[in-house]
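Below is one structure, written out as structure tokens; comments come after it.
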Amino acid sequence: MKKRAILLIGKYAKEECNLSVYEQNFFVNKIDELRDLKKIKKNDLEKIEAIAFKGHSAIDLEIMKKFPSLRLISNFGVGYDTININDAKKLNILVSFTPDILSDDVADMALALYLGVSRKLKNGYDWIKSGNWALHGEMPLNKKISGSKCGILGLGRIGFEIAKRLEAFKTEIHYFSRKPKKVSSKWIYHNDPLKLCLNVENLFVALKGGVSTNGFVSADFLKALGKDGIVINISRGSVIDENSLLYALENDKIYGAGLDVFLNEPKINNRFFELNNVFMQPHQASATIKTRKAMGELQFQNILNYFENGTPLTLVPELK
Ligand code: 8YV
């Protein structure tokens, strides 16, 4: 096979990207971030036929047009909300992603956030370290979650795995998706997301990011959950109206939030730093060694398969 020119974009951990395997197969250009594109000579840019992308900055028509030979963007991640699929279509560029292999880790993280915020695990840890336990005795009481009613917003691959885990917590499961799914008859379907929120105490956000879900979780949804409500988000910061969430948290309109994702990562709104009812993680739900290794391998195989057979293994559904 003719050696093709590819471009790796992103800061990869060593487990996520086997550079020597890439170099055995391709002529490799590499940059840490999209904004470093100017470091690559025009002549080299023009030869690039595939991009392996890790990151969350926007790839739109203007960027795609810089690569006249580009045929594939192979995304590292299940979410590809920053890659404009309509623009890719216009230029006959395929886009692949890394679904399924990360669903367990992301669902595990959703449950960790749920326990973290409800049982105030960070406060408990700090209670010990600060000497408060020895000085003042028991920490303030917190919220029971076993046996509660939870809503899953978006019952895709990850939402489904979250619901399965919640069953072990004796949870009454409600879900919203465009259509009812073939799932346990005990799971209650809602075709209206606000009604879902009115019927549950805790909400798990597992929708796709992107323009269609921007600000989807509104102030009304939060109000519907009520004072004892918890919001967990492992999808994208953009899916929640973040200003309304901050207001609800600051004014104890809900019990708390467990968040792995935010607007403007990593420079998130510093109002989050003042809160005592939020349990936060730095967008690391899929970040186990095993999963990130698998994601990196699939990202590579998608490129290889495209050049060998004309199609990546896991093409995004819009392009099928
Ligand atoms: C990212 C993610 O891949 O899969 C996704 O959609 O958000 C993550 O797993 C990770 O943040 C690297 O950019």
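Each value in this text was obtained by applying a stated rule to the coordinates, not by laboratory testing. All figures in this text were calculated on a predicted structure; none of them were measured in a lab. In this analysis, Cβ positions are derived from the backbone assuming ideal geometry, glycine residues included, and neighbour counts consider all displayed protein chains.
With the crude spin-label approximation of a point 7 Å out along Cα→Cβ, what separation in nm comes out for K320 versus N92?
In this crude spin-label approximation the distance works out to 2.4 nm.
What's the extension gain from D32 to K186 if we count 0.36 nm per residue and subtract their Cα-Cα distance?
The D32-K186 span can extend by a further 50.8 nm.
Enumerate the aspartates and glutamates that K227 could reach by cross-link, defined here as Cα to Cα under 15 Å, with residues fewer than 8 away along the same chain left out.
K227 reaches E201, E250, D252.
Mind pulling the angle between the C-alpha long axis of helix 289-309 and the longest principal axis of the chain? Nearest 10 degrees, somewhere in 0 to 90.
30 degrees
I need the semi-axes of the equivalent ellipsoid of the chain: take the C-alpha gyration tensor, multiply each eigenvalue by 5, square-root it, list largest first in whole angstrom.
Computed over the chain, the values are 39, 22, 18 Å.
Over 24 Å between Cα atoms, which of K120/K253; K14/K47; K182/K223; K39/K66; K122/K253; K122/K267 qualify?
Where the Cα-Cα span goes over 24 Å, the pairs concerned are K14/K47; K182/K223.
Taking the 0 to 90 degree range and rounding to the nearest ten, how far is the long axis of helix 103-118 tilted relative to the main principal axis of the chain, both from C-alpha atoms?
Taking Cα atoms only, the helix is inclined about 30 degrees.
Which of E308, E49, E242 moves most in a GNM of the chain, Cα contacts under 10 Å?
Result: E308 has the largest fluctuation of those listed.
Residue by residue through the range 55-62, what is 3J(HN,Hα) from phi via Karplus (6.51 cos²θ - 1.76 cosθ + 1.60, θ = phi - 60°)? Round to whole Hz and write x for glycine and proline.
Once rounded to whole Hz, the list reads x, 10, 8, 6, 10, 10, 3, 4.
Working out 0.36 nm times the residue gap between L115 and K3, then minus their Cα-Cα distance, what length gain in nm do you get to one decimal?
35.4 nm
To the nearest 20 debye, what is the magnitude of the charge dipole of the chain about its Cα centre, counting +1 on the Cβ of each Lys and Arg and -1 on the Cβ of each Asp and Glu?
560 debye
In the range 151-257, with Lys and Arg counted as +1 and Asp and Glu as -1 at Cβ, which of these residues, C197, I162, V211, has the Cα nearest the positive end of the dipole, that is, farthest along it?
Positive-end residue among those listed: I162.
Less than 13 Å Cβ to Cβ from D108, Lys/Arg counted +1 and Asp/Glu -1: what total charge do the surrounding residues give?
Overall, the nearby charge balance is -1.
Helix 157-167 sits at what angle to the longest principal axis of the chain, using alpha carbons and giving 0 to 90 degrees rounded to 10?
It works out to around 30 degrees.
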